[in-house]
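Following: one structure in structure tokens, then a few remarks.
The values are calculated or read from the model by the stated rules, or taken from the named source; none is laboratory data. Keep in mind it's a predicted model, so treat the numbers as computed, not measured. Please note: Cβ atoms are built from the backbone with ideal geometry, for glycine as well, and neighbour counts cover all protein chains shown. Each accessible area value is taken on the protein alone, full model and side chains, heavy atoms only, with ligands, DNA and RNA left out. Shrake-Rupley method; radii C 1.70, N 1.55, O 1.52, S 1.80 Å.
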Amino acid sequence: MRYLDVDTSSGRKISRIGLGTWQFGSREWGYGDDYATIQARDIVRRALDLGVTLFDTAEMYGFGKSERILGEALGDRRDEAYVATKIFPVVPTGAVTQQRGISSADRLGVRTIDLYQVHQANPVIRDSATMPGMASLRRTGLVGDVGVSNYSLARWRKADAALGGPVLSNQVQYNLVRRGPEKDLIPFAQQDGRVVIAYSPLAQGLLSGRYDAGHRPTNGVRRYSTLFTPENLERVRPLLRVLADVADAHGVTSSQVALAWVLSHPHVAAIPGASSLEQLEKNVEAAELDLAAEEITALDDASAAFDPVTGARALKDVFTAR
């Protein structure tokens, strides 16, 4: 496993491939009760064995179930992990932030949340109201590092000012079809010793090559994503062909190439989910995959050429394609 070269309050290393746990206890993924009670635990334990340290969850995933499942799975190996969770920012005043942080730590069964993140930028309540609560949690030792999620660079910097110190990370969607963070977030992280945590690094499985216009996903999360309309699945085929070609050259899967592409950017960690031990192991192997410069360029070019249908037309296609 490879790790980020950044300083954390606990001194724990952050693995470049982490484990996203939205699916733990969340019915919308359609994995079933056996996954939540048995497979999720096995996946967490195997991830630790493979050197994964970054485990990401949130209080809104399964309304707290994901945190509980993750905490129980870590068990007596909690000190091997860098545990990240997120507060859902409904009225995230200082006092509310403190209360919710205590609740998340209790569900996780930890004394310290390694990384406590604001899940979304609240459009009404400024970070000057939220971050004092984060600072208080840090002073008491309940929180180690503070992060944000889905923040612009400008608001990330405002969060710094409100906290009175560096907000370590910004968790954003980043993959071959969503490349916005390259404009300013990743350069800022590289320059200032911060972290961009890439969620949905496989674009919810689009980049795996498993789906096409005649074989669309059936679970709720993917089924209602505009990326998986028949037209967009047709438009993404040239990008998937390049992924497959690079994968064949290395003897790996398209998913592993897509993850390696994300990790080719500095100060970025990726948190793919895993529905099985095999998928987890493949994800972890991607951290060791080095792509040649010309392969990265080919992927960049194919990505730039992908022009998905968006907006009202795409939303209409989501429901008419059912």
* Structure fact -> Of those in segment 38-58 that are under 19 Å from residue 114 (Cβ atoms) and free of Cβ contacts under 8 Å to residues at least 60 places away in the same chain, the residue farthest from the chain's Cα centre (by Cα) is 45
* Would you mention how many residues in segment 188-226 are open to solvent by 40 Å² or more (accessible area, probe 1.4 Å), over 25 Å from residue 245 (Cβ atoms) and at pLDDT 75 or above? => 4
* Matching residues, segment 91-114, being at pLDDT 95 or above, of a type in the set (A, V, I, L, M, F, W, C) and open to solvent by less than 40 Å² (accessible area, probe 1.4 Å) -> 105, 108, 110, 113
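Looking at 283, 232, which one is under 26 Å from residue 43 (Cβ atoms), open to solvent by less than 60 Å² (accessible area, probe 1.4 Å) and out of contact with any Lys or Arg (no Cβ under 8 Å at 6 or more places or on another chain)?
Working: 232 fails: under 26 Å from residue 43 (Cβ atoms).
It is 283.
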* To do: Identify, from the list 96, 91, the residue that is on the phi > 0 side of the Ramachandran plot, out of contact with any strand residue (DSSP E or B) (no Cβ under 7 Å at 6 or more places or on another chain) and of a type in the set (Val, Ile, Thr).
  => 91
* Subset of segment 1-27 [surrounded by fewer than 15 Cβ atoms within 10 Å (Cβ to Cβ) and out of contact with any Gly (no Cβ under 8 Å at 6 or more places or on another chain)] -> 2, 5, 11
* Structure fact -> Log entry, pairs with first residue in segment 62-82 being open to solvent by 10 Å² or more (accessible area, probe 1.4 Å), second being of a type in the set (D, E, K, R), beta carbons closer than 6 Å, six or more apart or on different chains, reads 68/107
* Assess whether residue 153 counts as being crowded, with 20+ Cβ neighbours inside 10 Å and either closer than 14 Å to residue 196 by Cα or touching a Ser or Thr at 6+ places or on another chain (Cβ under 9 Å) (or both). => no
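Identify, please: which residue in segment 286-322 is among the polar types (S, T, N, Q), surrounded by fewer than 16 Cβ atoms within 10 Å (Cβ to Cβ) and in a helix (DSSP H, G or I) and is, among those, modelled with the lowest pLDDT?
Here is the first cut: in segment 286-322, the residues among the polar types (S, T, N, Q) are 297, 303, 310, 320.
Going one step further and asking which of them are surrounded by fewer than 16 Cβ atoms within 10 Å (Cβ to Cβ), we end up with 297, 310, 320.
Pick out the ones that are also in a helix (DSSP H, G or I) and you get 297, 320.
Numbers: 297: 98, 320: 61.
Going through the qualifying residues, I end up with 320.
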* Can you run down the residue pairs with Cβ atoms below 8 Å, 6 or more apart or on separate chains, where the first is in segment 121-135 and of a type in the set (Val, Ile, Thr) and the partner is open to solvent by 40 Å² or more (accessible area, probe 1.4 Å)? => 125/91; 125/93; 130/93
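Does residue 143 fit the bill of being of a type in the set (Val, Ile, Thr), closer than 19 Å to residue 60 by Cβ and within 24 Å of the chain's Cα centre (by Cα)?
It is true that residue 143 is of a type in the set (Val, Ile, Thr), closer than 19 Å to residue 60 by Cβ and within 24 Å of the chain's Cα centre (by Cα).
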* Odd one out for residue 51 among (1) at pLDDT below 95; (2) in a loop (DSSP other than H, G, I, E, B) -> (1)
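Kindly indicate whether any position in segment 161-179 is assigned to a helix (DSSP H, G or I) and either of a type in the set (D, E, K, R) or under 27 Å from residue 283 (Cα atoms) (or both). Break it down into steps so the answer makes sense when it comes.
Initially, segment 161-179 is screened for residues assigned to a helix (DSSP H, G or I), giving 161-163.
Add one more test, that the residue is either of a type in the set (D, E, K, R) or under 27 Å from residue 283 (Cα atoms) (or both), and what stays is none.
The answer is no, given that none of the residues of segment 161-179 is assigned to a helix (DSSP H, G or I) and either of a type in the set (D, E, K, R) or under 27 Å from residue 283 (Cα atoms) (or both).
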* **Sole residue being in a helix (DSSP H, G or I) and either of a type in the set (Lys, Arg) or open to solvent by 30 Å² or more (accessible area, probe 1.4 Å) (or both), chosen from 249, 258** => 249
